[in-house]
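**Q** Dropping the structure in here first, questions after.
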Amino acid sequence: MNDSTLSSIAKSLVPANYLSLANDARHERDKKIKLLLEQRKLPQEGWNESMVEYFINELALLDSNNFPSRCGVGEREARVVCDLVRRRHYNFAHGIGRSGNLTDAQPKAAGSTIMANLTNCLVRDLIQAIGIANCRQAVVVPLATGMTVMLCLRAIHAKRPQSRFVLWSRIDQQSCFKSIVAAGLIPIIIDSIVSSCDNGNGTKEDQPPSVTFATDLERFHTKIDELGAEQICCILSTTSCFAPRSSDDVVALATLCQSRDIPHIVNNAYGLQSTHALHQINQAGRIGRIDVFVQSTDKNLLVPVGGAIVAGFDEVTVDTVARLYPGRASGSQVLDVLMTLLTLGVTGYRRLLAQQKELYHILQDGLTKIALKHGERLLPCRNPVSIAMSLETFTTKQCRLEMIGSMLQKRGVSGCRVISPGETKTIDGHSFVGWGAHSALSNVPYLTASAALGVQRDDVDKFLTKLTEVLRKFRSKYVEGE
């Protein structure tokens with residue numbers, strides 16, 4: 001209701017002073033929305049649930065499928081037969097973008113268009129606020145990270161049609177590798193090298209060659225000289241992955257790409273929750289070259305799986321990716337992101353980041369104590385989310401170490417990975433020695449656990465308790481029983 005409608009309400013229905021108070025509250029809500037649309041900045045403090053729903057419902061009413069005079073005779077009229085589905089999507093059904101661009105406006109869906117473009121602005125504002133101040137453009141893509149990386153590769157290849165190769169710093173996640181193959185390009189796998197590792201106290205110490213890995217910058221230089229810079233579509237690096245994999249030296253790779261005029265894509269899958277990754281990307285974009293960096297919406301914004309954020313330091317490259325998307329896109333992921341961001345605000349997201357850091361250290365301390373009790377150790381790497389603990393004293397001929405993971409899973413623990421050395425996996429004709437450990441040099445069995453964004457203290461405490469029980473039972477039954 002607007003002022004005109006409210007002024008027509010008879011005093012016999014409600015006393016004028018009561019109506020005035022209610023109207024003041026409505027003005028306050030509308031003022032928040034007005035500021036949001038004008039400034040296109042993430043609110044400092046999050047909105048409550050009723051405020052978010054009020055805004056979302058107002059946007060949905062701007063789409064033609066919700067017009068009172070609706071008379072649709074086209075082939076796509078946002079018709080939804082199941083009321084549960086309609087309510088689940090808050091009456092949005094047109095999707096976002098048009099046939100060839102994620103950011104194009106839709107004549108039938110003014111509300112959906114506002115929702116999509118506003119969400120992109122808020123995501124960019126969040127990225128700037130938490131550490132990448134130089135970010136100039138961000139677009140929410142309704143595809144998970146691997147498919148979004150593929151889209152970025154295709155967009156860059158369109159500008160370098162003569163190129164064939166992608167120099168890829170190895171991580172053992174199939175989606176990242178398959179994104180290269182799906183893009184029709186040839187992956188050149190650059191394995192890690194043995195190096196020293198920062199132990200977290202500002203000093204360096206030599207580590208066993210099986211656990212400390214670093215970006216093989218020399219190999220990147222050699223491959224560029226061997227293949228020719230013009231034949232390389234891009235370098236694909238990674239900031240975040242399972243331990244003991246640390247972040248690539250993104251700054252050095254960005255400098256290399258700048259000097260050799262080679263595009264650079266950064267897989268920043270869950271890097272928005274890492275101040276180190278954010279600093280690396282911001283610095284790399286300032287002194288070197290990063291064309292786009294890609295991050296998952298579910299990992300970084302705690303929404304259902306299915307979306308990713310393409311961001312960059314210039315609008316042209318990011319817009320090129322958006323224009324490559326074929327057909328109209330789902331608006332579900334954008335809606336999830338918008339409602340989540342408005343609920344959190346900048347303060348709420350910073351609170352989540354602080355909680356993640358605190359619980360990471362609690363998990364790290366707990367695993368350190370468990371490791372010492374069993375004569376094991378934490379594998380050193382610079383990874384602010386994932387932690388790896390060795391399992392060397394649990395090796396036995398009676399049972400595979402993966403049983404530890406199964407025992408944990410039966411006790412309700414999810415996300416814990418157990419890696420044994422020597423595993424080989426073939427993907428699309430490419431063999432990976434030491435699959436799961438991110439390097440052929442790995443020879444230490446280990447398990448990983450993560451304190452990712454959104455983890456709760458109860459999760460960490462229960463995991464440490466259950467891990468203690470599982471390791472005790474495994475040792476008693478399979479190791480000491482030999």
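The values are calculated or read from the model by the stated rules, or taken from the named source; none is laboratory data. All values derive from a computational prediction rather than experimental measurement. Using ideal geometry, Cβ is built from the backbone for each residue, glycine included, and neighbour counts are taken over all protein chains shown. Quick note on the areas: whole protein, heavy atoms, side chains included, nothing else; ligands and nucleic acids left out. Shrake-Rupley method; radii C 1.70, N 1.55, O 1.52, S 1.80 Å.
**Q** Can you check what the net charge comes to around G100, using other residues whose Cβ is under 15 Å from the Cβ of G100 (Lys, Arg +1; Asp, Glu -1)?
**A** Charge balance in the 15 Å sphere: +2.
**Q** Turning to a different aspect of this structure: In Å, what Kirkwood hydrodynamic radius results for the range 1-148 from the alpha-carbon pair distances?
**A** 18.1 Å
**Q** Another one. Antiparallel versus total DSSP beta bridges in the chain: what percent is that, nearest 5?
**A** The antiparallel fraction comes to roughly 65 percent.
**Q** In the range 1-72, how does Rg compare with the Kirkwood Rh, expressed as the Rg/Rh ratio over alpha carbon atoms?
**A** 1.05
**Q** Rounded to a whole number, what % of the accessible area of the range 17-111 do carbon and sulfur atoms account for, probe 1.4 Å?
**A** The C+S portion of the solvent-accessible surface of the range 17-111 is 52 percent.
**Q** What whole number of Å gives the distance from the Cα centroid of the range 433-482 to the Cα centroid of the range 1-58?
**A** Distance between centres, Cα-based: 52 Å.
**Q** Also: Length gain on complete extension for the stretch E423 to R70, per 0.36 nm per residue less the alpha carbon to alpha carbon distance?
**A** Here the answer is 121.1 nm.
**Q** Taking R0 as 22 Å, what's the FRET efficiency between N101 and R79 from their Cβ-Cβ distance, rounded to 0.05?
**A** Efficiency computed from Cβ-Cβ geometry: 0.35.
**Q** On to the next question. Over the chain, what is the relative contact order in percent, taking alpha-carbon pairs closer than 8 angstrom and at least six residues apart?
**A** The value is 17 percent.
**Q** Scan the range 2-93 for GluC sites (Glu not before Pro) in coil per DSSP, keeping those whose Cβ has at most 12 other Cβ atoms within 10 Å, and list them by number.
**A** E45, E75
**Q** If you wrap a convex hull around the C-alpha atoms of the chain and split its volume per residue, what is the figure in Å³?
**A** 182 Å³
**Q** Further, regarding this structure: May I ask you to list, by number, the DSSP H helices of the chain whose Cα span along the axis is at least 20 Å and whose average Kyte-Doolittle hydropathy reaches -1.0 or more?
**A** 16-39, 110-130, 145-159, 332-373, 457-474
**Q** For the range 326-482, calculate the relative contact order in percent as a whole number, restricting contacts to Cα pairs under 8 Å that are 6 or more residues apart.
**A** Across the range 326-482, relative contact order equals 26 percent.
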